[in-house]
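Data first, discussion second: the structure below is written as structure tokens.
The values are calculated or read from the model by the stated rules, or taken from the named source; none is laboratory data. Computed from a predicted model, the values in this text were never measured in an experiment. Glycine also receives a Cβ, built like all others from the backbone with ideal geometry; neighbour counts cover every protein chain displayed. Ligands, DNA and RNA are excluded from the accessible area calculation, which covers all protein heavy atoms including side chains. Shrake-Rupley method; radii C 1.70, N 1.55, O 1.52, S 1.80 Å.
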Amino acid sequence: MRERLPGPESPGPASARLEVRRLVVRYAGVPAVDGIDLALEPGSFTALLGPSGCGKSTTLAVLAGLQRADEGEVLLDGTALGDTAPERRPLSLVFQKPLLFPHLTVAQNVGFGLRMRRVPRREAAAEVAAMLERVRLDGLADRRIGELSGGQEQRVSLARALVRRPRVLLLDEPFSQLDADLRAEMRTLVRELHDEAGVTTLFVTHDREEAVEVSDRIALMLDGRIAGSGTPQEIYTRPPTLRTARFFGFENEIRGQVAGGVFRSADGTVSARCDLAPGAATLVVRPEAVRLGPAGEDTGTARAGAGGIGPSVRVKDQRFAGTHVVVDVALPDGQRLRAHVPVGSEPAVGERVGVWLPPERCTVLAEVDPTRTSGTGAP
Amino acid sequence: MSGPRPTAGTRLRHRAALAVVVLLVLLPLLPVLLWAVADTWRYPDLLPGGLTGRGLRLVTGSSVLGALGTSTLIATAVACLACAVGFPAGRALGMHSFRGRRVVQFLLLAPVLVPALAVTLGLQVFFIRLGLADTVTGVVLVQLMPTVPYAATLLGASYANLDADHERQARVLGAGPWRTVAAVTVPLLRPALVTTWLLTFLISWSEYILTLLIGGGRVTTLPLLLFSAIESSDRTAAAALGLLVVLPPVLLVLVVARLLGSRDDAFLGVARA
């Protein structure tokens, strides 16, 4: 289950392995975090992705020691942290807001953690100066906090967290309050800083693109549980769970049965090879992977084993979406299938077309959503 | 953050408005100043008939200087203690929501709502029993009654505006609970603390009844001397003492405003203008 970690060849000496086991946090009896497991390898960069209210910030607060867990444990290099006070944990947390101390200068803010650790003044000053240079804020050391821009503030906050040389860096949506351009710039900076220091990083975000762009691993959190995790590539090509597939834009779900290593849709028009045990299953495929061809042509040759659909399905609807055209077709049994086709090659509504599902783009999951019949998920 | 640059016209108008306000505050003091140096000043004379140095000699005399010292000592102690008590109380009120917070809030304000005299008459018995009557310590303690409610309320309001995440951030950066308060919370609340300290100092400075009852006349503060001068119809003494009661707080506010004040603080902002 363990994959190669991109990023630094050898993790920094200071970085640690962080593990979360069966973590439960309840607010007034209602679980906000409902038994999650996480394992962050030393030097890895993991995104904890999820919509607001899914419990990801609560998880981070528990890791930082700011929130008590009701069940489960957090292990740092195999040692349970238990009720260790936040100031005694070798972690740094960067919040959504910069939370700079307004009574201190930029340099004093960055040096706060070192001062708390009673690092000798000259040594601390040198480290602060070096850190400010790394976040490209050299020259602003003596500025007052009120004179900084939003991006500069968050960079000071980042520098303040990193200058302590934490063994794990926790980032709680640190850029969500910045505008798009700045956010992209900060993402790059965070990734650079991570690669330099090799510090184990957990990045909480609700932004799919941000998670994919910056991290080595993504853990999707929904309703207090980890709905699935994997590398960004895995998640976009072979989603581990149905909920992960839905969250990452696998808009087409086709229900069927697996028997003898072959998935077959309920009406028999779609089939695909898979190595699942016999039983109910769902085939998921991204709309941009669905191919449409001229009607009548036998695109169904790949039926047995390669995931094809016979010719002659009718185009129900089509809509221009800028870079592509969204086409909805009706399968023989009435299910809708959505395809993204290049602008200019879209069929007209009512036209009959052939459909082909490239097998390497289809994922069969041994899960069925009982609340839903198959078809196109609403975007 | 700053508004549009004021034009010369608006600045002039602000200055004029400020001058009027200052004049309105200072004008009533003018007759007091005259009384303090007046030898005889009979109706319907516009100005005193002659001048005397008696007022000045009085306020530089040992008994008045002693009272000045006692007043300063008591007011300083009261202000410091009120802030010390009001800080955690304000924290509880402003930062945490708990059952019965409104009741606690009301109880905290009760000493200000109920006439202090009524409560003190009862308290006096305990103070005598505890040996605190007629002592400076006793007076300081009893003066916490009218000052702590203000301190707790003022600091509570500031705590409510404080972003608790600043403290969480400090903890994560390695500051223990006490160091967090010292290195982050107190500096963040500094304007409110300065205001609270000055306000409670002023309340204590002008306190009369409580000092009289618990101090039993042995703890002599400036207001006590002032009232006895008024009672004995000695206008020169009353005026001279009156000025002595008024001036130190004004100077204090001005000095503190210069040294510590920040522009966002309304109380000190006025003193700075």
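So that you can scan it fast, the table gives a plain yes or no per residue for (1) surrounded by fewer than 20 Cβ atoms within 10 Å (Cβ to Cβ); (2) away from chain B (no Cβ under 14 Å):
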{"position": "A:ALA130", "(1), (2)": "yes, yes"}
{"position": "A:ARG136", "(1), (2)": "yes, yes"}
{"position": "A:ILE145", "(1), (2)": "yes, no"}
{"position": "A:SER149", "(1), (2)": "yes, no"}
{"position": "A:LEU169", "(1), (2)": "no, no"}
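Output the residues belonging to the stretch B:139-161 that are hydroxyl-bearing (Ser, Thr, Tyr) and under 13 Å from the mean Cα position of the chain (by Cα).
B:THR147, B:TYR150, listed by residue number.
When only residues in the stretch B:18-30 that are open to solvent by less than 90 Å² (accessible area, probe 1.4 Å) and without any contact (Cβ under 8 Å) to a residue 60 or more places away in the chain count, which is nearest to B:ASP234 (Cα to Cα)?
B:PRO28
I'm trying to understand the selection: among the residues of the stretch A:346-365, which are of a type outside the set (Asp, Glu) and open to solvent by 70 Å² or more (accessible area, probe 1.4 Å)?
Once the filter is applied, which keeps residues that are of a type outside the set (Asp, Glu) and open to solvent by 70 Å² or more (accessible area, probe 1.4 Å), the stretch A:346-365 yields A:VAL349, A:ARG352, A:TRP356, A:ARG361.
Can you find a residue in the stretch A:63-76 that is assigned by TED's automatic domain parsing to the domain that holds A:ILE226, under 22 Å from A:ARG208 (Cα atoms) and open to solvent by 10 Å² or more (accessible area, probe 1.4 Å)?
No: the stretch A:63-76 contains no residue that is assigned by TED's automatic domain parsing to the domain that holds A:ILE226, under 22 Å from A:ARG208 (Cα atoms) and open to solvent by 10 Å² or more (accessible area, probe 1.4 Å).
Let me spell it out: the conditions are (1) free of Cβ contacts under 8 Å to residues at least 12 places away in the same chain; (2) not in a helix (DSSP H, G or I), and B:THR220 meets all of them except one. Which number is the exception?
Result: B:THR220 passes all but (1).
Evaluate the following for A:ARG164: is it within 12 Å of another protein chain (Cβ to nearest Cβ) and loosely packed, with under 13 Cβ neighbours inside 10 Å?
No: the conditions fail for A:ARG164.
Within the stretch B:31-50, can you find the residues that are exposed (fewer than 13 other Cβ atoms within 10 Å of the Cβ) and in contact with a strand residue (DSSP E or B) (Cβ under 8 Å, 6 or more places away or on another chain)?
Hits for the stretch B:31-50 are B:GLY49, B:GLY50.
For the stretch A:77-92, enumerate the residues that are surrounded by fewer than 21 Cβ atoms within 10 Å (Cβ to Cβ) and at the interface with chain B (Cβ under 10 Å from one of its Cβ atoms).
Of everything in the stretch A:77-92, those that are surrounded by fewer than 21 Cβ atoms within 10 Å (Cβ to Cβ) and at the interface with chain B (Cβ under 10 Å from one of its Cβ atoms) turn out to be A:ALA85, A:GLU87, A:ARG88, A:PRO90.
Hey, any hits in the stretch A:177-198 for a residue that's free of Cβ contacts under 8 Å to residues at least 24 places away in the same chain and under 30 Å from A:VAL368 (Cβ atoms)?
No, the stretch A:177-198 has no match at all.
Being within 14 Å of chain B (Cβ to nearest Cβ) and surrounded by 24 or more Cβ atoms within 10 Å (Cβ to Cβ) is the filter here, so list the residues in the stretch A:171-187 that pass it.
A:LEU171, A:PRO174
If a residue counts only when it is more than 22 Å from the chain's Cα centre (by Cα) and touching a residue at least 24 places away in the same chain (Cβ under 8 Å), which strands (runs of 3 or more DSSP E) contained entirely in the stretch A:44-107 have at least 3 such residues?
Per the criteria, A:71-76.
Going through the stretch A:318-336 one residue at a time, which ones are over 26 Å from the mean Cα position of the chain (by Cα) and part of a strand (DSSP E or B)?
A:GLN318, A:ARG319, A:PHE320, A:VAL325, A:VAL327, A:ASP328, A:VAL329, A:ALA330, A:ARG336
Polar (S, T, N, Q), closer than 30 Å to B:GLN143 by Cβ and either within 14 Å of chain A (Cβ to nearest Cβ) or surrounded by 13 or more Cβ atoms within 10 Å (Cβ to Cβ) (or both), is that true of B:THR72?
Yes; evaluated as a whole, the condition is true for this residue.
Look through B:LEU254, B:LEU213, B:LEU243, B:LEU225 and report the one residue that is at pLDDT 85 or above and farther than 18 Å from B:VAL136 by Cβ.
Criteria check complete, one pass: B:LEU243.
Name the one entry in B:LEU199, B:LEU222, B:LEU226, B:LEU244 that is open to solvent by less than 20 Å² (accessible area, probe 1.4 Å) and under 22 Å from B:VAL140 (Cα atoms).
Only one candidate qualifies: B:LEU222.
Could you list, in sequence order, the residues of the stretch B:163-182 that are more than 7 Å from chain A (Cβ to nearest Cβ), among the hydrophobic types (A, V, I, L, M, F, W, C) and within 18 Å of A:VAL156 (Cα to Cα)?
Residue satisfying the conditions is B:ALA170 alone.
Scan the stretch B:51-68 and tell me whether some residue there is under 19 Å from B:LEU241 (Cβ atoms), of a type in the set (A, V, I, L, M, F, W, C), part of a helix (DSSP H, G or I) and touching a strand residue (DSSP E or B) at 6+ places or on another chain (Cβ under 9 Å).
Checking the stretch B:51-68: not a single residue is under 19 Å from B:LEU241 (Cβ atoms), of a type in the set (A, V, I, L, M, F, W, C), part of a helix (DSSP H, G or I) and touching a strand residue (DSSP E or B) at 6+ places or on another chain (Cβ under 9 Å).
Residues to consider are A:VAL190, A:VAL212; find the one that is open to solvent by 10 Å² or more (accessible area, probe 1.4 Å), assigned to a helix (DSSP H, G or I), among the β-branched types (Val, Ile, Thr) and away from chain B (no Cβ under 13 Å).
A:VAL212
B:LEU193: in a helix (DSSP H, G or I), open to solvent by 50 Å² or more (accessible area, probe 1.4 Å) and either of a type in the set (S, T, N, Q) or at pLDDT 90 or above (or both), yes or no?
No; evaluated as a whole, the condition is false for this residue.
Please go through the stretch A:108-118 and pick out each residue that is surrounded by fewer than 24 Cβ atoms within 10 Å (Cβ to Cβ) and in a loop (DSSP other than H, G, I, E, B).
Those that are surrounded by fewer than 24 Cβ atoms within 10 Å (Cβ to Cβ) and in a loop (DSSP other than H, G, I, E, B): A:ARG117, A:ARG118.
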